[in-house]
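Report on the following structure.
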Amino acid sequence: MAAKGNGGQGKRSQRVEPAAQAGKKPGGEPSLSLERIVATAVELLDAEGIDGLKMRRLADRLGAGVMSLYWHVANKEEVFDLALDAVFAYRAPPQRIEPEDWRRDVVHMLEDWRAIMLRHPWSASLLPRRALGANVLGRLETMSEVLSRAGVADADMNVAIWSLWNYVLGATVTRASFALSHADQAAGQKRLSALSERYPTIERTRLLLDSDWDGTFRKGLDVLLDGLPRG
């Protein structure tokens, strides 16, 4: 997996923020900070997508000058890195999960991952190219630890992790792509019914009318987890 766009993260700790930007501005407006930049970048990405994130637009939303952003971030690529990693911060379930309850732990993590990408559709496009942030790597490490406790051998771990990764990413992209209205679904099924001799099985199972995305995701995940090689 490529690791584009992460060069700026190592530089950030070396920057010293200007003293004038500490606290609040004289008018009571929040001062510029890395935290505000990242949060505002996420808002901008949610509203306008990847192509909508321009440093000028980001600065305008922050009520700041473009050049002032560069006290905190190296470039737009670093903003992408930080925004992506920010949305993937993982919060474990409130109740403690015992080691033997590995399946519940994995399901919770993957359902949370899917929910994040549905809330932030731009993240699915960035994730394959920018997966070296602390939160993303932390998720992968936690999942690997859980699967290891469940009996997945190191020799099978990469297959297990990438299979789960591909499933979640594919299921999320498919869900976002098939956001059809009930009228569109009904029209598609009607057309399919007229072609039932050519497509008898998917017409019989009413594939185009199936909109139980959450249930389908969970059932498919169960099938995948059942097939994991465990000692």
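State the Cα centre-to-centre distance between region 147-169 and region 56-74 in whole Å.
First find each Cα centre; the distance between them is then 40 Å.
Evaluate the Debye formula for region 176-231 with equal point scatterers sitting on the alpha carbons, no solvent, and hand back log10 of I(q)/I(0) at q = 0.24, 0.28 Å⁻¹, in q order, two decimals.
So the normalised log intensities are -0.95, -1.06.
How large is the dipole of region 104-229 about the Cα centre if only Lys and Arg carry +1 and Asp and Glu carry -1, each at its Cβ, rounded to the nearest 20 debye? Intermediate values should be presented prior to the final figure.
Values: 15 positive and 15 negative charges, 98 e Å.
Once rounded to the nearest 20, the dipole reads 480 debye.
Using alpha-carbon pairs under 8 Å, 6+ residues apart, how would you state the relative contact order of region 84-231 in percent?
Numbers: 90 pairs, mean separation 42.4, N = 148.
So the answer I get is 29 percent.
For region 85-231, compute Rg over Rh where Rg is the Cα radius of gyration and Rh is the Kirkwood radius from the inverse mean 1/r over Cα pairs.
A ratio of 1.05.
Going highest first, how would you order 108-117, 59-68 by mean Cβ packing within 10 Å? Before the final figure, lay out the partial values.
On the way: 108-117: 18.3, 59-68: 14.8.
Answer by packing, highest mean first, reads 108-117, 59-68.
Order the peptides 132-142, 200-210 from the highest to the lowest mean number of other Cβ atoms within 10 Å of their residues.
Details: 132-142: 15.5, 200-210: 12.6.
So the peptides 132-142, 200-210, ranked by packing, come out 132-142, 200-210.
Please give every one of the aspartates and glutamates within straight-line cross-link reach of residue 54, meaning a C-alpha to C-alpha distance under 12 Å, and leave out same-chain neighbours fewer than 8 residues apart.
By straight Cα distance, residue 54 reaches 77.
So which aspartates and glutamates pass the test for residue 219, namely a Cα distance under 19 Å, with those fewer than 8 places away in the same chain ruled out?
Qualifying aspartates and glutamates at Cα under 19 Å: 101, 105, 111, 112, 210.
At 7 Å along Cα-to-Cβ for each site, give me the label-to-label distance between residue 219 and residue 182 in nm.
The two pseudo-label positions are separated by 2.1 nm.
May I ask which residue of 143, 217, 192 lies farthest towards the positive end of the charge dipole of region 134-231, with charges of +1 (Lys, Arg) and -1 (Asp, Glu) on Cβ and the Cα centre as origin?
Value: 192.
All of the numbers you see were taken from the coordinates with simple rules; none came from a lab. Computed from a predicted structure; not experimentally measured. Because the Cβ atoms are built from the backbone with ideal geometry, glycine has one as well, and the counts that use them run over all protein chains shown.
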